[in-house]
Amino acid sequence: MVIRRNRAFRRLWAAGAVSLVGDWLSFVAVASLALASGGGAFALALVFAAHALPGAVLAPVAGALVDGLDRRRVLVAADLLASAVTIAMTLAAVAHVTLAIPALLLVRSGIAALVPPGESAAVRRLVGEDDLLEANSVLAATWSVAFVAGMALGGVAALLGPALALALDAASFAIAAALHATLPAMPAPAARRSIGSIVRAVPADTVAALRVADAHRPLLAAVLGKAPLGLAGGAGWVALNLVGDAARPFGAAALSFGILQAIRGAGTGIGPAVAARLARAGIRESTLQAAVVAIALVAITVLGSARSPLALAIVCFAWGCGTGANWVLAHAALQRHSSDAVIGRLAAFDELLVTLAMVLSAFVGAAVTNAFGLGAAPLAGVVLAIAGLAIVRALVTRPAVTREPQPAYTPAVDRSSTKDMRDEAA
């Protein structure tokens, strides 16, 4: 197993696991505060936006920094800055300065934009091509376990007050920084540039990376592969919170929300494992993608009418299986088809699309809920997802357009030196 034989990947995995548990633990607490304030569906949508939108807006900058700087240093810096901001959030909660918490959450979410492209680029550097699907399955399973633990603990911590959850989250970032610092150096393949020059060149460099993807349609399909389910997921998330608050299938609202999200998280770990095994058995990844997307959309549709604990548990588990498998299949394909020179920017653009899709869906779900009732929100999300799937298919299958040759993105680290780094890391 890749996590056993590759020491560097094991450290990357451990850092992500610790940080994720803290993230989800505090997320439940902040969502519970929003519900307690009486803001309803739109308050939940605002919390979701504050948690995710800054990272999406800054994703192109984050991707450019990952492609232009040492990936290890980027990850360590992001962890340390996020820990400092979370400590400030904890102090605000202790002092009952609750208005400062959303503002600080916006800052932290922007800092966190560095992590997904940084981790994607690190995985591609540390893991061989044959191990990419397995490595991403491990990360998805870890996300699942961290999600389960964080959401369940968050439901309990929310009953004790938000300060405890936020303090634990700050500690998790500090531990992640210490683990990331033990990774081997991963210098960017591009020529050494200052941070200022990298940031100024973000628009042009992002367009150049997208042209690379557009010229290679399997890579373009991978970059766009998660966004359609994001268009269903935001509305589903709002609906799930409201169902947990209204039905309270497992007791208190915060505890019910935490348990339901934990069940969904369990699915995000099991779904990718099953998909990876089926892929190794010879089933085409395109067939698997179609199947897992269908499973997720059916589950989100049923969420509108499910109310019993068992029905909600089945819906959440199926939803998690579908989205988790979709994430792993698309992410492994992105890493497989992308060069090391553009992986950061493309992974960041992928994150941007998914997050914007989920935030848009969350607000649409909130508006539809207020107009037509709780059962309409999941349906609205599914309709958005189907439209997204049609758009992606049109973009990927459209006739190729002949363009002037683009500058080559040749990694400074060739295959042999990259292999040497993997051998040393292992």
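The values are calculated or read from the model by the stated rules, or taken from the named source; none is laboratory data. Bear in mind the structure is a predicted one, so any value in this text is a computation, not a measurement. Neighbour counts are summed over all protein chains in view; Cβ atoms, including those assigned to glycine, are modelled from backbone coordinates with ideal geometry.
Apart from one condition, residue 115 fits all of (1) within 28 Å of residue 259 (Cα to Cα); (2) among the β-branched types (Val, Ile, Thr); (3) more than 13 Å from the chain's Cα centre (by Cα); the exception is (3).
I need the full set of residues from the stretch 279-305 which are among the hydroxyl-bearing types (Ser, Thr, Tyr) and either crowded, with 24+ Cβ neighbours inside 10 Å or not in a helix (DSSP H, G or I) (or both), in order please.
So the first thing to find is which residues in the stretch 279-305 are among the hydroxyl-bearing types (Ser, Thr, Tyr), and the list is 286-287, 301, 305.
Of everything in the stretch 279-305, just one residue is among the hydroxyl-bearing types (Ser, Thr, Tyr) and either crowded, with 24+ Cβ neighbours inside 10 Å or not in a helix (DSSP H, G or I) (or both), namely 305.
Scanning the stretch 232-275 for residues that are of a type in the set (S, T, N, Q) and either farther than 27 Å from residue 134 by Cβ or at pLDDT 85 or above (or both) returns 241, 256, 268. Scan the stretch 354-380 for residues that are aromatic (Phe, Trp, Tyr) and within 10 Å of residue 234 (Cβ to Cβ) and the total you get is 1.
One line per residue, one yes/no per condition, for (1) over 12 Å from the mean Cα position of the chain (by Cα); (2) in contact (Cβ under 8 Å) with a residue 60 or more places away in the chain:
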{"site": "320", "(1), (2)": "yes, yes"}
{"site": "334", "(1), (2)": "yes, yes"}
{"site": "340", "(1), (2)": "yes, yes"}
{"site": "347", "(1), (2)": "no, yes"}
{"site": "354", "(1), (2)": "no, yes"}
{"site": "359", "(1), (2)": "yes, yes"}
{"site": "373", "(1), (2)": "yes, no"}
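Taking the criterion of being of a type in the set (Val, Ile, Thr) and not in a helix (DSSP H, G or I), the only residue of the stretch 317-343 that qualifies is 342. Of 9, 48, which residue is crowded, with 23+ Cβ neighbours inside 10 Å, more than 30 Å from residue 201 (Cβ to Cβ) and either modelled with pLDDT of 85 or more or charged (D, E, K, R) (or both)? Going through 9, 48 in turn, just one is crowded, with 23+ Cβ neighbours inside 10 Å, more than 30 Å from residue 201 (Cβ to Cβ) and either modelled with pLDDT of 85 or more or charged (D, E, K, R) (or both): 9.
Select from the stretch 114-128 the residues that are over 17 Å from residue 172 (Cα atoms) and among the hydrophobic types (A, V, I, L, M, F, W, C) and list them in ascending order. Even if it seems obvious, please write down each step before you answer.
First, pick out the residues of the stretch 114-128 that are over 17 Å from residue 172 (Cα atoms): 117-118, 120-128.
Of everything in the stretch 114-128, those that are over 17 Å from residue 172 (Cα atoms) and among the hydrophobic types (A, V, I, L, M, F, W, C) turn out to be 121, 122, 123, 126, 127.
Residue 276 satisfies every condition listed in (1) part of a helix (DSSP H, G or I); (2) farther than 20 Å from residue 139 by Cα except (2).
Among the residues of the stretch 57-73, is any in contact (Cβ under 8 Å) with a residue 40 or more places away in the chain and within 18 Å of residue 170 (Cα to Cα)? First the steps, then the outcome.
Taking the stretch 57-73 and keeping what is in contact (Cβ under 8 Å) with a residue 40 or more places away in the chain, we get 57-72.
After this cut, where a residue has to be within 18 Å of residue 170 (Cα to Cα) as well, the list is none.
No, that holds for no residue.
If the condition is being modelled with pLDDT of 75 or more and buried (at least 23 other Cβ atoms within 10 Å of the Cβ), then the stretch 142-166 contributes 146, 165, 166. Of the set (1) assigned to a loop (DSSP other than H, G, I, E, B); (2) at pLDDT 90 or above; (3) of a type in the set (D, E, K, R), all apply to residue 403 but (2).
Does the stretch 204-213 hold any residues that are over 23 Å from the mean Cα position of the chain (by Cα) and either without any contact (Cβ under 8 Å) to a residue 40 or more places away in the chain or surrounded by fewer than 13 Cβ atoms within 10 Å (Cβ to Cβ) (or both), and which are they? Within the stretch 204-213, 204 is the sole residue that qualifies.
Checking the stretch 300-310 against the condition returns a match, with at least one residue being more than 28 Å from residue 123 (Cβ to Cβ) and within 20 Å of the chain's Cα centre (by Cα). Only one of the listed residues (366, 387, 348, 377) is part of a helix (DSSP H, G or I), surrounded by fewer than 24 Cβ atoms within 10 Å (Cβ to Cβ) and among the aliphatic types (A, V, I, L, M). That residue is 387.
Report whether or not residue 57 is at pLDDT 80 or above and closer than 19 Å to residue 161 by Cα.
Values: at pLDDT 80 or above: yes; closer than 19 Å to residue 161 by Cα: no.
Judged against the criteria, residue 57 is not a match.
Restricting the first member to the stretch 282-295 and to residues that are free of Cβ contacts under 8 Å to residues at least 60 places away in the same chain and of a type in the set (Asp, Glu), and the second to residues that are crowded, with 18+ Cβ neighbours inside 10 Å and assigned to a helix (DSSP H, G or I), the beta-carbon pairs closer than 6 Å and six or more apart or on different chains are 285/279; 285/329.
State whether the residues of the stretch 301-313 include one that is touching a residue at least 24 places away in the same chain (Cβ under 8 Å) and closer than 17 Å to residue 143 by Cβ. No, that holds for no residue. Is one or more of the residues making up the stretch 125-137 hydroxyl-bearing (Ser, Thr, Tyr) and part of a helix (DSSP H, G or I)? Yes, the stretch 125-137 contains at least one residue that is hydroxyl-bearing (Ser, Thr, Tyr) and part of a helix (DSSP H, G or I).
Name the residues in the stretch 103-121 that are farther than 16 Å from residue 57 by Cβ and surrounded by fewer than 24 Cβ atoms within 10 Å (Cβ to Cβ), would you? Outline the logic, then answer.
Looking only at the stretch 103-121, we keep the residues that are farther than 16 Å from residue 57 by Cβ, and these are 104, 118-121.
Residues satisfying the conditions are 104, 119.
For first residues located in the stretch 249-275 and on the phi > 0 side of the Ramachandran plot, partners that are hydrophobic (A, V, I, L, M, F, W, C) and buried (at least 23 other Cβ atoms within 10 Å of the Cβ) and lie 6+ apart or on another chain with Cβ distances below 8 Å do not occur.
Among the residues of the stretch 73-85, are any modelled with pLDDT of 85 or more, under 25 Å from residue 327 (Cβ atoms) and of a type in the set (Lys, Arg)? Checked against the condition, which is being modelled with pLDDT of 85 or more, under 25 Å from residue 327 (Cβ atoms) and of a type in the set (Lys, Arg), the stretch 73-85 yields no hits at all.
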